1. Would you be so kind as to identify which of L120, Y226, I353 lies farthest towards the positive end of the dipole of the chain, taking Lys and Arg as +1 and Asp and Glu as -1 on Cβ and the Cα centre as origin?
2. Could you give the distance between the Cα centres of segment 21-65 and segment 464-495, to the whole Å?
3. Taking neighbour Cβ counts within 10 Å as the exposure measure, how do F386, F426 sort from fewest upward?
4. Quick one: in the chain, what % of C-alpha pairs are over 41 Å apart?
5. Find how much the distance from Q126 to K163 grows on full extension, using 0.36 nm per residue of separation minus their present alpha carbon separation; answer in nm with one decimal.
6. Distance from a point 7 Å along Cα→Cβ of S107 to each backbone N in segment 1-26: keep the residues under 11 Å and list them by number.
7. In nm, to one decimal, how far is the modelled label at S478 from the one at E135, with both set 7 Å along Cα→Cβ?
8. Under 1.5 on a/c is rounded, so check that first for segment 257-507, then, if it is not, pick prolate when a/b is larger than b/c and oblate when it is not; a ≥ b ≥ c are the square roots of the alpha carbon gyration tensor eigenvalues.
Amino acid sequence: MAIDIPMNYTASEREREQRMAYWREDIGVNLHHWHWHLVYPAEGPDTVVRKDRRGELFYYMHQQTMARYNVERFSNGLPRVTALANLREPIPEAYHPKITRSSNNRSYPARGKNQYLTDLNRVEDQVIVTIVDMEMWTTRIFEAIDSGVARSTNGQQIQLDNKNGIDVLGNMVENSSLSPDVNYYGRLHNEGHNMLAYIHDPDNSFLEGFGVVGDNTTAMRDPVFYRWHQHVDDIFERHKRRFKPYTKAELAHPDVEIDEFAVQLNRAGTKNNILLTFWQRSQIDLGTGLDFGPEGNVFVTFTHIQHAPFSYRIKVKNEGSGVKRGTVRIFIGPKVDETGRTIAFRDQRRWMIELDKFSVNLNPGDNNIVRRSEQSSVTIPYERTFRNVLASSQPNNDQFRFCNCGWPAHMLIPKGTTQGTSYDMFVMISNFADDTVNQEFDENVNCNDAHSFCGLRDRLYPDARNMGFPFDRATASSVNSLKDFAKPYKNMATTSVEIRFTNTVISRV
């Protein structure tokens, strides 16, 4: 017999933020976050921590999480996330998790409304940090960004350039053991999580444990996670804004022209550019390692968002005389915000959601590309998201942990609305000569399929471009829309896609 997890498990519908509970508390989303941090730990042996572009991946995975979360908020009539930049203001969002840690059979503590952060002095837990520390570290990080130079422990200057700067900053802000100078730049991201996690008992007077935001397996359940990470992402954006817009040479792919671009559901007779979402009811065994209850191994039934499978259809012309290779990059972004106002491109580019990335060989003349949504370079299938989680905690099981890293496939696209919401979809075929890291790989083997978020195991990240390219940099002031951005380039195309949500629950077969 399975235990049913109701959708309104942690709050009533009187709480506005409860509209996002299905997203924040999705088991697959939280498993993804946990596995990403297992694959890319902040501390440990250097051979484990020092992975290719690790700091940049920390930035990009969380940046994309924030883009997805903000866009989903618009689907639910909620405003964009307000960054938690001022640590001295009350936090209006409360969170009552109602889950129990299996390790000690104690419930995760709640956070009430309008609580204030205070200095942490939990000597027994070796968690000691002040708000002044946090503000000082932030100032020093800003100084490094604005000057374009960071300092290392040996006094060496590190250039925060376009190639390596975001990687250095990712390790610095998180902080990982690869931070250039942890004593100077501090532990901003991690201690922010600690301050929020212990807000209910900052000096351990009541012997209370940490809240959900202090645990990688549960942190994404709490609304304050996104407020903190919006602040972290704004720090990275400050760095990105230092760089000039991409040039025509960087964005173009000579002789490659996209003639048509559309999406279509994988069933006969459906119209182009209409996608469908709905609720799906699934059952998993929480005894596989993500059991937050005291009852041991249990099967649970839960309801999550799902979409009807679809395919991208791209008609491309190679006007050259020989085969050309390119990288197909597909994104989706919101057209309007929660008020129905058109979103300016300067904001929209930060909310462009990567859906897929893959390489293609283009023969001279016309080429037809068909790519299924389940082939996404961002996601892993349901079976991998929810397979035996306990094995991920076992030593010497790096391959298993890596294979469980990836955004859950059922969360690939935004929910949309019952009346249908229009989104901008974008495709670009970039020049593979500028993308390659001189390393071939097969996305269909060795769990290489979620490489956009998780990279490749023990190999180089398979894209030489900045993560998030071409939307990671600001554009010229004359670019007011996605169409303006794409119009000068034959190797780019946009289309309008409608996502219709049906408020119906369908059981997983």
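1. So the residue furthest toward the plus end is I353.
2. That distance is 27 Å.
3. Working: F386 20, F426 23.
Neighbour counts put them in this order, fewest first: F386, F426.
4. Considering the chain, 18 percent of its Cα-Cα pairs are separated by more than 41 Å.
5. Values: separation 37, 0.36 × 37 = 13.32 nm, distance 3.60 nm.
Stretched out fully, the Q126 to K163 stretch lengthens by 9.7 nm.
6. Within reach of a label on S107, which here means backbone N under 11 Å from a point 7 Å along Cα→Cβ, segment 1-26 contributes nothing.
7. 4.4
8. Oblate.
Bear in mind these aren't lab numbers, they're just calculated from the coordinates by the rules spelled out. On a predicted model such as this, the values are computed, not experimentally measured, just so you know. Methodologically, a virtual Cβ is constructed for each residue, glycine included, from the backbone with ideal geometry; neighbour enumeration extends over all protein chains shown.
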